[in-house]
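The structure under discussion appears below in the form of C-alpha cells.
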Amino acid sequence: MTDQSTSADGPDYPEAADEVGTLADPAFDAMAQRVLTRGHATTWLNHWSLLHADFRALARMNTVGFDGTLLQMRLRAAGHEVSRTSADLVLPHVFDRLDDGARITLIGAVPEAGQAAAERLHRFDVQVIDGYEGLRRLKADPSVLTAFDPRLVIVGLGAGLQEVVASVALGLVPEASVCTAGGWIDQYARAADDYFPDWVHAARLGWAWRIAHEPKRLTKRYTVEALDFVAHAPELISRLEAMGSFDDLGLVVGPRSDTEE
C-alpha cells in the first residue's frame, strides 16, 4: 500500500452499498468492462446528483451510469431504458477483473477512511490521496499521481467536484481508467456489516434505509429535493440528451447516434 495521504461538503452516497459479495447482474459486469477501458472516465448520477450536477464537468466524462428508482422512472418516461448500476455495485466486478498487484489510486474521504479502504484492497498496490490536504497536494504537484502511474483511479468526492477531479486525473494519467464513487470510499472503509442487507437491494429500498439511518442529512434529499427534481426533470433529462446518446448501460457522452437524432 502506498501512503499518500471528501470534500468538506461531504460526498454523494450511492443508493446502495453492499460490499459483502459480488452481486450477480449482467449489467454490473458489462459496466465493469466499460469502466476498465483505458483512457475512459465513468461517473454515476441519481436524482440528487443530477439536480446538483456540474454539466460542464459531466461533458468531460465518457460514460454516465444511473442509480436510483426516481431517476430511472423519469428516464424511462423519456424513452430511455437504462440498467441500474452504481459505483458500489460495479466496483466488485472491476476488482475481479484486475490482476493482483494492480495499482489503484483512491482520491477522497478523510485519510483514515482512505487507509482503511486500502487495507481491504490488499490484493492491490493502493495509493491514498485524501479529499483535504492530499487533494491540495495533488493540485500543487501532479507528479503525486503521475509518478504512481495507476491502472485505476477512483474518485470519491461530492457531486460535481468529483467529475472535475476525475477529468483532471485522466488528463494526468491518460492510459488509466477513472471512475467516480461518491461516498464509496467511506462506506468500503467500514466493516461489511455496516452495509445494506441484500433484501434492501432486491426491494429497491436503499433510500428508505438511508433516511432511517441518516434522517438529519437525508430526509430533505428524498422529500423536498425529490419533488424539486420531478419539477425540473424534463429540463435536466433534455440536457443529458444533448450530451450524447443512451444505451442499455447509460449515457455515452459524445455525438448522438442517428437513431436518437
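The values are calculated or read from the model by the stated rules, or taken from the named source; none is laboratory data. Treat the numbers as computed from the prediction; the structure is a model and nothing was measured. No Cβ is skipped: glycine too gets one built from the backbone with ideal geometry, and neighbour counts run over all protein chains shown. Calculation scope for accessible area: heavy atoms of the full protein, side chains included, ligands and nucleic acids excluded. Shrake-Rupley method; radii C 1.70, N 1.55, O 1.52, S 1.80 Å.
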**OP:** Taking 7 Å along the Cα-to-C-beta vector as the label spot, tell me the R38-E175 distance in nanometres, rounded to one decimal.
**Re:** 0.6
Original post:
Under a point spin-label approximation (7 Å from Cα along Cα-to-Cβ), what is the K139-R56 distance to one decimal in nm?
Top reply: 1.5
Subject >> Rounded percent of accessible protein surface that carbon and sulfur make up, segment 34-139, 1.4 Å probe >> reply: 48
Subject >> Å² per residue, accessible surface of segment 43-106 at 1.4 Å >> reply: 35
**OP:** Sticking with the crude label model, points 7 Å out along Cα→Cβ, report the distance from D228 to M73 in nm, one decimal please.
**Re:** 1.9
**OP:** Please work out whether segment 46-183 counts as rounded, prolate or oblate from its C-alpha gyration tensor, where a ≥ b ≥ c are the square roots of the eigenvalues and a/c under 1.5 means rounded, while otherwise a/b larger than b/c means prolate and anything else oblate?
**Re:** prolate
**OP:** Percent of Cα-Cα pairs per 10 Å bin, from 0 to the last occupied bin, for segment 95-168, please list those.
**Re:** 20, 54, 25, 1
